[in-house]
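Novice: My questions will all concern the structure given below.
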Amino acid sequence: MMLQERYELTAMTNGEYISFSIVMMRETSPTIAKILNLTNQKEMNGQKKTMEFPPHSKKRINLTCQPRYRRATKGALAREYLDSETHKSYLRMPGNDNKSISAAEIQLCICDCISPENVSECACPTCTDIECELKALRQNLSCCSDEGCRMWKQAIRSTDTWARCLSCEDEELEGQKRHQSTEQFAMRPLRCCLALSDNSYLKPCQQCTFATKLPIPSCDCFSKEALSKTVTWLKRQPTIEGHEENSRIVTRLRQHKGLLSELLDSIKSKTKPYLHHMWRSRFLRHAFHLDCDEFIPEKEVVMLADFASQMVLGSGYKSTCETDATCNLYVVLVLYKKPIGDGRYETICDYVRFWSPAKSGPEFHHHAIHIITNHLKLSKVPGLIRIRLWTDGHASTYKGFPNFGRMAFWPRTKLANEVQKPGWEDAEGVEIIHCFFESYHASGVQDSAGKDPRIAMTRAIGFKAESLYNYHECKVWCDTHMQAPIKKKKAKPGAHFIASGDYLWYALSDGFDAHKETYPNLDLRRKEYTPVPGSDSMFEFSALFNEENTPQILSRTLPCRCEVCRAHFAGNSLTITCPHLLMTGGFTVHKMVHKKTFSLKESLDRKAEKKKARALKVQQEVAKLSSSTSTLPVNQVVSRIVDTTSQLPRNQALALTDALLVAHNEDTELVNQSIASISTENDFEANLEVEQELSTEH
């Protein structure tokens with residue numbers, strides 16, 4: 001039988017149920033350990049799962065084992081088991097020589113807690129790259145009994161063990177404790193994560209170096225001969241995609257062949273950036289939690305905003321070559337505190353969402369925030385003076401002068417003789433502190449809030465129950481069918497974004513659609529302001545009140561929400577200095593000036609010109625990449641062609657192959673060699689897909 005917290009492969013042999021542990025197979029069959037991905041666990045989601053056991057018995061048992069992923073079909077797992085030493089050893093046991101089992105029967109016995117691993121959406125490049133390279137190093141680095149070699153084997157087990165081996169112990173951060181926590185907040189010291197040029201205030205830790213923490217052993221495993229071995233790993237490489245005028249060069253994660261020493265050097269060069277990246281991710285997430293815990297009642301609100309993936313519209317019937325109609329959804333979750341008497345407050349969360357045909361952009365973002373602010377001022381937070389806003393760091397929407405310029409006017413007070421001045425249309429008399437999560441680490445409840453209506457409408461379209469072809473119909477459908485959360489969830493301790501307040505749906509027109517008279521129109525004119533230098537490397541931008549009533553932005557590297565900084569915002573302890581100033585950096589003041597507002601026609605023409613310029617630049621880059629092979633030796637040309645075209649469709653790959661070889665003036669034999677290489681690789685992948693589909697069906 002299957003044992004709790006164990007992963008068993010149960011096989012029926014002549015009426016007997018024999019239990020084989022995958023943990024045992026891990027020792028005798030490395031392939032099974034690889035495709036099962038036993039080191040990665042899923043979190044239990046609280047749902048009870050059952051499985052028919054024994055097979056064909058029509059009896060179901062509760063699965064209590066921890067879920068895991070598998071990186072192969074059940075058919076591949078069954079075939080691997082039949083070829084494993086575990087199965088052969090069982091057959092050699094006395095009395096088992098006449099027993100047999102089919103692959104189909106083994107598939108029925110694979111525990112349902114092992115689910116197939118899917119494509120990782122929104123995978124962080126920094127984390128993915130070092131994870132793939134450490135995995136390749138584990139597979140190709142031999143480890144002996146030498147003490148230094150054993151240290152390396154332990155260090156490369158995962159990205160977490162790698163980081164801990166190359167940094168000091170966690171240290172407590174003063175004043176960063178959350179009120180519901182019993183322990184002080186501690187994390188890896190920032191100095192251990194820095195390279196020489198990362199921070200102008202802190203010096204990198206002298207103890208956290210490879211020479212000190214993880215020196216190269218003197219054993220044969222790290223000899224010059226061992227490190228000269230050719231290995232393969234996933235590496236980001238420039239890849240040509242598209243065809244002719246629509247071609248482009250993008251960076252893709254693809255197979256790369258190189259020396260083991262090259263792989264080792266690559267991991268070393270990525271370690272400090274990875275440590276710094278993960279440090280920022282955790283520090284910023286903790287600052288966000290402190291904002292949600294400690295914002296000032298009746299004066300401040302916290303907003304968590306994000307543009308959801310485009311909603312693909314339809315009626316459930318799609319004709320040949322019919323293009324998809326789409327619209328956009330902007331999600332804003334709003335936290336505020338409601339007084340309940342005796343000086344106590346209850347945290348309330350409103351879910352506010354905006355449908356629009358317009359693309360994501362600063363004008364869309366600010367129009368939505370204006371609507372929410374006016375809604376809050378009317379009844380819920382009439383004394384609102386400050387918005388604490390958290391988003392991802394999307395460059396064109398948030399991290400640029402179109403957003404910061406508009407934001408700088410928010411705290412300004414509109415005067416009667418200045419209402420018509422350009423830029424002052426955004427004056428609201430409310431401060432904004434806009435903070436950003438670390439790149440690729442901004443996922444959260446806002447993603448679910450954007451996904452829920454999309455899934456519900458897609459299901460209705462698929463059932464042929466609805467025909468939704470524009471943002472107006474999406475808004476009407478949500479008003480009708482999603483007036484409240486589908487399922488009320490019980491709030492967990494410390495959780496804030498449970499839909500306990502209003503559930504609001506809005507629509508915004510781009511000014512060109514059939515419903516522009518029904519809904520507010522976005523101002524899509526381009527507005528130019530003075531830029532904010534260095535915004536790419538900063539994570540907090542503030543538009544605050546000032547005595548001159550002039551538009552300005554205060555920026556600093558990182559936000560700090562320690563007790564001292566929170567006291568400063570409450571108007572207390574102004575003479576005490578923040579203890580984390582060396583980590584977060586000081587404030588830089590940027591005077592923001594509105595330069596020009598283009599007409600709508602000028603704005604659209606400018607976008608079209610930029611699009612043409614980008615297309616021309618891509619064509620030049622493709623031509624440059626093609627011509628760069630003309631100086632290479634013959635064997636390197638063929639290798640470069642196969643490497644560059646292996647990810648392209650066959651017709652594009654052959655066309656590019658001909659162009660590259662003609663540029664190099666090579667003969668027909670080389671052309672045939674390269675085409676044969678591409679053809680063989682594509683045919684192999686096609687056959688592999690067919691084999692996996694057949695295995696799944698059987």
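The values are calculated or read from the model by the stated rules, or taken from the named source; none is laboratory data. Since this is a predicted model, take the numbers as computed values, not measurements. FYI the Cβ positions are ideal-geometry reconstructions off the backbone, even for glycines, and counts take in every protein chain you see. With ligands, DNA and RNA removed, areas are computed over all heavy atoms of the protein, side chains included. Shrake-Rupley method; radii C 1.70, N 1.55, O 1.52, S 1.80 Å.
Novice: What is the residue count in the range 145-174 for residues that are among the aromatic types (Phe, Trp, Tyr) and either within 18 Å of residue 220 (Cβ to Cβ) or loosely packed, with under 14 Cβ neighbours inside 10 Å (or both)?
Specialist: Looking only at the range 145-174, we keep the residues that are among the aromatic types (Phe, Trp, Tyr), and these are 152, 162.
Restricting the remaining residues to those that are either within 18 Å of residue 220 (Cβ to Cβ) or loosely packed, with under 14 Cβ neighbours inside 10 Å (or both) gives 152.
Number of matching residues: 1.
Novice: Out of the residues in the range 525-563 that are in a helix (DSSP H, G or I) and within 25 Å of the chain's Cα centre (by Cα), which is surrounded by the most Cβ atoms within 10 Å (Cβ to Cβ)?
Specialist: Restricting attention to the range 525-563, the residues satisfying the condition of being in a helix (DSSP H, G or I) are 535-537, 563.
Then drop every residue that is not within 25 Å of the chain's Cα centre (by Cα), which leaves 535-537.
Working: 535: 21, 536: 11, 537: 9.
Of everything passing the filter in the range 525-563, 535 is surrounded by the most Cβ atoms within 10 Å (Cβ to Cβ).
Novice: Let me ask another. Of (1) part of a loop (DSSP other than H, G, I, E, B); (2) more than 30 Å from residue 178 (Cα to Cα); (3) at pLDDT below 90, residue 512 satisfies all except one. Which?
Specialist: Of everything listed in (1) part of a loop (DSSP other than H, G, I, E, B); (2) more than 30 Å from residue 178 (Cα to Cα); (3) at pLDDT below 90, residue 512 misses just condition (3).
Novice: Moving on. Is it fair to say residue 471 is in contact with a Cys (Cβ under 6 Å, 6 or more places away or on another chain), open to solvent by 40 Å² or more (accessible area, probe 1.4 Å) and in contact (Cβ under 8 Å) with a residue 60 or more places away in the chain? Even if it seems obvious, please write down each step before you answer.
Specialist: On the way: in contact with a Cys (Cβ under 6 Å, 6 or more places away or on another chain): yes; open to solvent by 40 Å² or more (accessible area, probe 1.4 Å): no; in contact (Cβ under 8 Å) with a residue 60 or more places away in the chain: yes.
When the stated conditions are applied, residue 471 does not pass them.
Novice: Which pairs have Cβ atoms under 7 Å, sit 6 or more apart or on different chains, and link a residue in the range 132-161 that is without any contact (Cβ under 8 Å) to a residue 24 or more places away in the chain to one that is assigned to a helix (DSSP H, G or I) and among the aromatic types (Phe, Trp, Tyr)?
Specialist: Final answer for the pair search is 156/162.
Novice: When you check residue 335 against the structure, is it at pLDDT 95 or above, more than 24 Å from residue 312 (Cβ to Cβ) and surrounded by 17 or more Cβ atoms within 10 Å (Cβ to Cβ), yes or no? Working first, answer last.
Specialist: On the way: at pLDDT 95 or above: yes; more than 24 Å from residue 312 (Cβ to Cβ): yes; surrounded by 17 or more Cβ atoms within 10 Å (Cβ to Cβ): yes.
Yes, satisfied.
Novice: May I pose another question? Filter the range 395-411 for residues that are among the hydrophobic types (A, V, I, L, M, F, W, C) and in a helix (DSSP H, G or I) and give the result.
Specialist: 401, 404, 407, 408, 409
Novice: Restricting attention to the range 446-468, report how many residues are in a loop (DSSP other than H, G, I, E, B) and open to solvent by less than 50 Å² (accessible area, probe 1.4 Å).
Specialist: To start, the set of residues in the range 446-468 that are in a loop (DSSP other than H, G, I, E, B) comprises 463-467.
This time we only want the ones that are open to solvent by less than 50 Å² (accessible area, probe 1.4 Å), so: none.
Count: 0.
Novice: Criterion first (open to solvent by 40 Å² or more (accessible area, probe 1.4 Å), at pLDDT 85 or above and hydrophobic (A, V, I, L, M, F, W, C)) does residue 476 satisfy it? Full working, then the answer.
Specialist: Details: open to solvent by 40 Å² or more (accessible area, probe 1.4 Å): yes; at pLDDT 85 or above: yes; hydrophobic (A, V, I, L, M, F, W, C): yes.
Taking the combined requirement at face value, the residue satisfies it.
Novice: For the range 361-407, enumerate the residues that are surrounded by fewer than 18 Cβ atoms within 10 Å (Cβ to Cβ) and either among the hydroxyl-bearing types (Ser, Thr, Tyr) or in contact with a helix residue (DSSP H, G or I) (Cβ under 6 Å, 6 or more places away or on another chain) (or both).
Specialist: Of everything in the range 361-407, those that are surrounded by fewer than 18 Cβ atoms within 10 Å (Cβ to Cβ) and either among the hydroxyl-bearing types (Ser, Thr, Tyr) or in contact with a helix residue (DSSP H, G or I) (Cβ under 6 Å, 6 or more places away or on another chain) (or both) turn out to be 379, 396.
Novice: Then there is this: Would a scan of the range 96-108 turn up a residue that is at pLDDT 75 or above, open to solvent by 30 Å² or more (accessible area, probe 1.4 Å), out of contact with any Pro (no Cβ under 9 Å at 6 or more places or on another chain) and under 30 Å from residue 442 (Cα atoms)?
Specialist: Within the range 96-108, not a single residue is at pLDDT 75 or above, open to solvent by 30 Å² or more (accessible area, probe 1.4 Å), out of contact with any Pro (no Cβ under 9 Å at 6 or more places or on another chain) and under 30 Å from residue 442 (Cα atoms).
Novice: So, in the range 350-395, exactly how many residues are small (Gly, Ala, Ser), farther than 22 Å from residue 521 by Cα and touching a strand residue (DSSP E or B) at 6+ places or on another chain (Cβ under 9 Å)? Spell out how you get there, then give the answer.
Specialist: Looking only at the range 350-395, we keep the residues that are small (Gly, Ala, Ser), and these are 356, 358, 360-361, 368, 379, 383, 393, 395.
Adding the requirement that they be farther than 22 Å from residue 521 by Cα leaves 379, 383, 393, 395.
Filter again for touching a strand residue (DSSP E or B) at 6+ places or on another chain (Cβ under 9 Å), leaving 393.
The total comes to 1.
Novice: Still on this structure, I have one more. Residue under question is residue 582, and the condition is that it be surrounded by 13 or more Cβ atoms within 10 Å (Cβ to Cβ), within 32 Å of the chain's Cα centre (by Cα) and in a loop (DSSP other than H, G, I, E, B); does it hold? Don't jump to the end; show me each part of the working.
Specialist: On the way: surrounded by 13 or more Cβ atoms within 10 Å (Cβ to Cβ): yes; within 32 Å of the chain's Cα centre (by Cα): yes; in a loop (DSSP other than H, G, I, E, B): no.
Against the criterion (surrounded by 13 or more Cβ atoms within 10 Å (Cβ to Cβ), within 32 Å of the chain's Cα centre (by Cα) and in a loop (DSSP other than H, G, I, E, B)), residue 582 does not qualify.
Novice: Collect the residues in the range 509-523 that are of a type in the set (A, V, I, L, M, F, W, C) and open to solvent by 40 Å² or more (accessible area, probe 1.4 Å), keeping them in residue-number order. Show your work before the answer.
Specialist: Step one: list which residues in the range 509-523 are of a type in the set (A, V, I, L, M, F, W, C), which gives 512, 514, 522.
Listed by number, the residues that qualify are 512, 514.
Novice: Here's a follow-up. List the number of the failed condition for residue 71; all other conditions in (1) crowded, with 20+ Cβ neighbours inside 10 Å; (2) under 30 Å from residue 49 (Cβ atoms) hold.
Specialist: If we test residue 71 against (1) crowded, with 20+ Cβ neighbours inside 10 Å; (2) under 30 Å from residue 49 (Cβ atoms), just (1) comes out false.
Novice: So which of 183, 245, 241 is open to solvent by less than 50 Å² (accessible area, probe 1.4 Å) and modelled with pLDDT under 90? Explain how you work it out, then say what you get.
Specialist: Details: 183 fails: open to solvent by less than 50 Å² (accessible area, probe 1.4 Å); 245 fails: open to solvent by less than 50 Å² (accessible area, probe 1.4 Å).
Exactly one residue qualifies, and that residue is 241.
Novice: Count, please, the residues in the range 87-102 that happen to be touching a strand residue (DSSP E or B) at 6+ places or on another chain (Cβ under 6 Å) and not basic (Lys, Arg).
Specialist: Residues of the range 87-102 that are touching a strand residue (DSSP E or B) at 6+ places or on another chain (Cβ under 6 Å), as a first pass: 99, 101.
Remaining after also requiring not basic (Lys, Arg): 101.
So the answer is 1.
Novice: Collect the residues in the range 135-188 that are assigned to a helix (DSSP H, G or I) and touching a Phe, Trp or Tyr at 6+ places or on another chain (Cβ under 6 Å), keeping them in residue-number order. Give the steps one after another, and end with the answer.
Specialist: Step one: list which residues in the range 135-188 are assigned to a helix (DSSP H, G or I), which gives 135-140, 147-155, 159-165.
Result: 136, 155.
Novice: A further question on this structure: Could we say that residue 304 is part of a helix (DSSP H, G or I) and surrounded by 15 or more Cβ atoms within 10 Å (Cβ to Cβ) here?
Specialist: Details: part of a helix (DSSP H, G or I): no; surrounded by 15 or more Cβ atoms within 10 Å (Cβ to Cβ): yes.
Against the criterion (part of a helix (DSSP H, G or I) and surrounded by 15 or more Cβ atoms within 10 Å (Cβ to Cβ)), residue 304 does not qualify.
Novice: A further question follows. In the range 56-67, what residues are more than 15 Å from residue 114 (Cα to Cα) and either at pLDDT below 70 or in a strand (DSSP E or B) (or both)?
Specialist: First, pick out the residues of the range 56-67 that are more than 15 Å from residue 114 (Cα to Cα): 56-61.
Once the filter is applied, which keeps residues that are more than 15 Å from residue 114 (Cα to Cα) and either at pLDDT below 70 or in a strand (DSSP E or B) (or both), the range 56-67 yields 60, 61.
Novice: Please state which of the following conditions residue 377 fails to meet, knowing it meets all the rest: (1) free of Cβ contacts under 8 Å to residues at least 12 places away in the same chain; (2) basic (Lys, Arg); (3) within 23 Å of residue 598 (Cα to Cα).
Specialist: Among (1) free of Cβ contacts under 8 Å to residues at least 12 places away in the same chain; (2) basic (Lys, Arg); (3) within 23 Å of residue 598 (Cα to Cα), the lone unmet condition for residue 377 is (3).
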